[in-house]
Amino acid sequence: MPSGPVLEKVVLLSRHGIRSPTASATALREKTGFNWPEWSVAPGEMTPHGAVALGAMVQAVRTHYMGLGFDPLRSCSNSVRIWADGADHRTQQTGRVWARGLAPDCHVSAQWQEHGPDPVFNAISAGRAVPSKQETEQAFASMLPVSKRSDVRGGLQALQTLMAPGACDGVAHTAWCLRDDAVLEWKKGAPRLSGGVATGGMAAESLLLLYSDGFAEGVFGSAKADVPGLLKTVLPVHEAESRMLRRLPVVAAARNGVMAESVRAFLADRSVTEIPGVTDSTRLLVLAGHDTNQDALAAIFGLSWTFDDQPDSTAPDTVLAFEQWRYPDRHVEVRVRIFHQSLEELRAGQASGVERSMQTLEPGNAILP
């Protein structure tokens, strides 16, 4: 009998690989005034480089858990389940990359819901939950000061200088001015953010995607001399966008309560009714999703993290891991980790530092009852 705890189960929530912006270059130009370049893939699709970088992350995570002696990666028993968000091709493809790389000799396949929104990844879109409008608006109002923080204001100013430096000076091109206050809107029962922080957050992430996919510095206009420096300055706007809506507990609980309960059930050895194919023999569950899912679980479980070498806390390929450790007396402990690639590793399609940079997170809210 082992003298210490044994790793028995793991849930991996992975963001998809590097994608193109979800809007076309033309639409982005109209929205921001910046001359965005064309991508080699359609809007919102994972790029070939993104698949390579994600494959490197999968190998790094596999190596880490193999080193811990985690049996499902050593044997080809029916113990690995990969469930992707079927709503987007990039998440389906992400599931396939995990399936190919995680247990390459075991012929694991990724699955997803074929029709309609999957409540595991978005219960609001699936019509399973609706956040309270009053609670959401109160929570949003309490987070408005985030948009006034100095790092967020500095990021918005840097974006303004880069994309449309004269847009706030007069009446012309005011649509490109990022000074508009953040506004909470409702569309089909779901809250949405608009205003300067929303536009700026989208632009900041789009710039990070360009750099991560290997675009030449010349596409970054006046910021081409120090693109990593620009990204470090502007990504706080994207982080603020997440905190002001996606990480509001009331919104997170509605959007991803089904996912959170599935994670809890799996780690507590209860049946997981919402994810097909998860059985008593399943030991490793991979969820191929989005940064919105990681934001939501962070809010639900009271998690937070930052990286010194990656300005986006939910950058492409980032993996949130929930581990079930069982002690000799049979009691269970859940440990939470976060794996990420640095900005330069994403750009190079590598993941050599993932094990060294892994963080152990302390949940503010109980994961198991």
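The values are calculated or read from the model by the stated rules, or taken from the named source; none is laboratory data. Predicted, not measured: the structure shown is a model, and the values here were computed from it. Neighbour counts are summed over all protein chains in view; Cβ atoms, including those assigned to glycine, are modelled from backbone coordinates with ideal geometry. Heads up: the accessible areas ignore ligands, DNA and RNA and are worked out on the full protein's heavy atoms, side chains in. Shrake-Rupley method; radii C 1.70, N 1.55, O 1.52, S 1.80 Å.
Shape summary: the range 225-342 maps onto an equivalent ellipsoid whose semi-axes, from the alpha-carbon gyration tensor, are 30, 16, 12 Å in decreasing order.
Applying 1/(1 + (r/R0)^6) with r as the Cβ-Cβ distance of Asn78 and Asp329 and R0 = 30 angstrom yields a FRET efficiency of 0.55.
Here Cα extents along the principal axes in Å was calculated from the structure, and among (i) 73, 45, 39; (ii) 66, 62, 44; (iii) 78, 49, 34 it sits at label (i).
Going toward the positive end of the dipole of the chain, with +1 on Lys and Arg Cβ and -1 on Asp and Glu Cβ, which of Gly353, Gly69, Ser3 do you reach last? With unit charges placed on the Cβ atoms, the residue in question is Ser3. Under 1.5 on a/c is rounded, so check that first for the range 150-191, then, if it is not, pick prolate when a/b is larger than b/c and oblate when it is not; a ≥ b ≥ c are the square roots of the alpha carbon gyration tensor eigenvalues. Because a/c hits 1.5 or more and a/b fails to exceed b/c, the range 150-191 counts as oblate. For the range 230-246, putting each phi into the Karplus relation 6.51 cos²θ - 1.76 cosθ + 1.60 with θ = phi - 60° gives couplings of 4, 5, 4, 6, 8, 5, x, 5, 5, 5, 5, 4, 5, 5, 7, 9, 5 Hz, in residue order, rounded to whole numbers and with x for Gly and Pro. Bridgeable lysines around Lys187 (alpha carbons under 26 Å apart, same-chain partners fewer than 8 residues away excluded): Lys31, Lys133, Lys148. Phi angles across the range 284-296 convert, under the Karplus curve 6.51 cos²θ - 1.76 cosθ + 1.60 with θ = phi - 60°, into 3J(HN,Hα) values of 10, 10, 9, 10, 9, x, 10, 4, 4, 5, 5, 4, 5 Hz, Gly and Pro given as x. The residue among Ala158, Leu208, His290 whose Cα reaches farthest toward the positive pole of the charge dipole of the chain, with charges on the beta-carbon of Lys, Arg, Asp and Glu, is His290.
Ranking Leu231, Val263, Gly221 by Cα position along the charge dipole of the range 217-342, where only Lys, Arg, Asp and Glu carry charges on their C-beta atoms, puts Val263 farthest toward the positive end. On the beta carbon distance between Thr22 and Arg356, with R0 = 35 Å, the FRET formula returns roughly 0.60. Note on the chain: antiparallel DSSP beta bridges, both residues inside, total approximately 65 percent of the bridges counted.
For Ala216, project a label point 7 Å along Cα to C-beta. Then give me every residue of the range 27-50 with its amide nitrogen under 16 Å of that point. Residues passing the 16 Å test: 36-40.
Could you tell me which of rounded, prolate or oblate describes the range 174-295, using a ≥ b ≥ c as the square roots of the eigenvalues of the alpha-carbon gyration tensor, with rounded for a/c under 1.5 and, failing that, prolate when a/b is larger than b/c and oblate otherwise? Taking the square roots of the gyration eigenvalues as a ≥ b ≥ c, the range 174-295 is oblate.
By per-residue mean of other Cβ atoms within 10 Å, what is the highest-first order of 270-279, 79-88?
Values: 270-279: 14.3, 79-88: 22.8.
Result, highest mean first: 79-88, 270-279.
The mean sequence distance of close C-alpha pairs (under 8 Å, at least 6 residues apart), as a share of the length of the chain, puts its relative contact order at 27 percent.
Each stretch of four or more DSSP H residues adds -39500 (n - 2.57); spread over every residue of the chain, this sum gives -12000 deg cm²/dmol at 222 nm. Residues in the range 16-22 carry Karplus couplings, in order, of 5, x, 4, 10, 6, x, 6 Hz; the curve used is 6.51 cos²θ - 1.76 cosθ + 1.60 with θ = phi - 60°, and Gly or Pro positions show x. With the cut-off at 1.5 for a/c, could you classify the range 156-224 from its C-alpha gyration tensor as rounded, prolate or oblate? Oblate, since a/c reaches 1.5 and b/c is not below a/b. Nonpolar atom fraction for the chain, defined as the carbon and sulfur part of the 1.4 Å probe accessible area, stands at 50 percent. For the range 13-152, a simple Cβ point-charge model (Lys and Arg +1, Asp and Glu -1, everything else neutral) yields a dipole of about 220 debye relative to the Cα centre. Magnitude of the charge dipole for the chain, about its Cα centre and with charges confined to Cβ atoms of Lys, Arg (+1) and Asp, Glu (-1), is about 380 debye. Between amide H atoms placed 1.01 Å from N, distances below 5 Å from Val183 occur with Ser194, Gly195, all of them 5 or more places distant or on a separate chain. Rounded to the nearest 20 debye, the dipole size of the range 172-309 about its Cα centre is 400 debye, using +1 on the Cβ of Lys and Arg and -1 on the Cβ of Asp and Glu.
Peptides 119-131, 143-155: what's the order by average Cβ count within 10 Å, highest mean first? Present the calculation step by step, with values, prior to reporting the outcome.
Values: 119-131: 19.7, 143-155: 16.4.
Top to bottom by mean Cβ count within 10 Å: 119-131, 143-155.
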